[in-house]
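In what follows, a structure is listed as structure tokens, so that the remarks can point back to it.
Read-outs: derived from the displayed coordinates by stated rules, not from any lab. Everything numeric here is computed off the predicted structure, so don't read it as measured data. Positions of Cβ are backbone-derived with ideal geometry, glycine not excepted, and every protein chain shown enters the neighbour counts.
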């Protein structure tokens with residue numbers, strides 16, 4: 001796959017054993033352990049000082065983008081075979097980034113060719129929250145932050161929303177490792193959240209049923 005701005009890799013400062021416990025098939029490679037979700041490879045990086053998502057690799061983008069690390073990928077696209085995961089996850093819906101200043105982060109993303117596709121606001125002024133949406137190939141980048149910039153802090157990779165081919169089966173498989181299924185914000189979809197704090201996983205993880213157009 002060579003689509004411009006496709007997200008090809010996500011680097012995690014995580015313990016792969018803990019991800020196996022929540023139903024992911026971990027691969028052993030010469031470069032280390034990884035999992036495949038759709039067209040994106042998630043690499044487990046031995047980084048004792050970092051947890052969660054450390055950096056990502058996106059076709060055509062390299063360097064820091066408003067403090068967000070975009071690295072050269074370890075491997076080349078395409079990924080030809082995506083394994084089945086016991087938890088039924090088969091693709092990434094969106095990557096969540098938080099920022100204290102969404103305007104500044106949006107401008108930085110636009111500068112490297114990642115264009116803003118839409119904005120949603122919720123809550124009441126002056127404390128509104130803004131969601132801004134960008135495409136990284138077949139994955140949405142969702143930028144979340146205050147509608148009015150706040151001082152302090154910096155943009156960070158926060159979490160992943162994944163898609164299950166059988167959300168009821170996912171919920172049954174994970175049991176007490178996830179929250180009860182509920183209706184998602186998007187009409188017609190269901191969502192559950194992995195109890196990552198209980199599992200000592202630094203990446204926030206939600207799992208959703210497919211978009212209706214993909215069913």
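Note on the stretch 90-208: semi-axes of the ellipsoid equivalent to its C-alpha gyration tensor, largest first and rounded to whole Å, are 27, 16, 14. Relative to its residue count, the stretch 3-69 spans a Cα convex hull of 101 Å³ per residue.
The relative contact order of the stretch 89-214, computed from alpha carbon pairs under 8 Å that lie at least 6 residues apart in sequence, is 27 percent.
Using only Cα atoms, locate the centre of the stretch 96-129 and the centre of the stretch 172-196, then give the distance between them in Å, rounded to an integer. If you average the Cα positions of each part, the centres end up 26 Å apart. Our summary gives the chain a relative contact order of 21 percent, counting only alpha carbon pairs under 8 angstrom and 6 or more residues apart. Between residue 46 and residue 64, the simple label model (points 7 Å from Cα in the Cβ direction) yields a spacing of 2.6 nm.
Evaluate the relative contact order of the stretch 7-70 (contact order divided by residue number), counting alpha-carbon pairs under 8 angstrom at least 6 apart; express in whole percent.
Details: 105 pairs, mean separation 27.0, N = 64.
For the stretch 7-70, the relative contact order is 42 percent.
Computed from label points 7 Å out along Cα-Cβ, the spacing between residue 150 and residue 30 is 4.7 nm.
Figure the gain on full extension for residue 186 and residue 125 (residue separation times 0.36 nm, minus the Cα-Cα span) and round it to one decimal in nm. Could the numbers behind the result be given before it?
Numbers: separation 61, 0.36 × 61 = 21.96 nm, distance 2.32 nm.
Roughly 19.6 nm would be gained on extension.
When the alpha carbon gyration tensor of the chain is reduced to an equivalent ellipsoid, its three semi-axes come out at 25, 22, 17 angstrom, largest first.
For residue 74 and residue 103, calculate 0.36 nm times their separation in residues minus their Cα-Cα distance, and state this gained length in nm to one decimal.
Length gained between residue 74 and residue 103: 7.4 nm.
Put a dot 7 Å past the Cα of residue 21, heading toward its Cβ, do the same for residue 84, and the two dots end up 2.6 nm apart.
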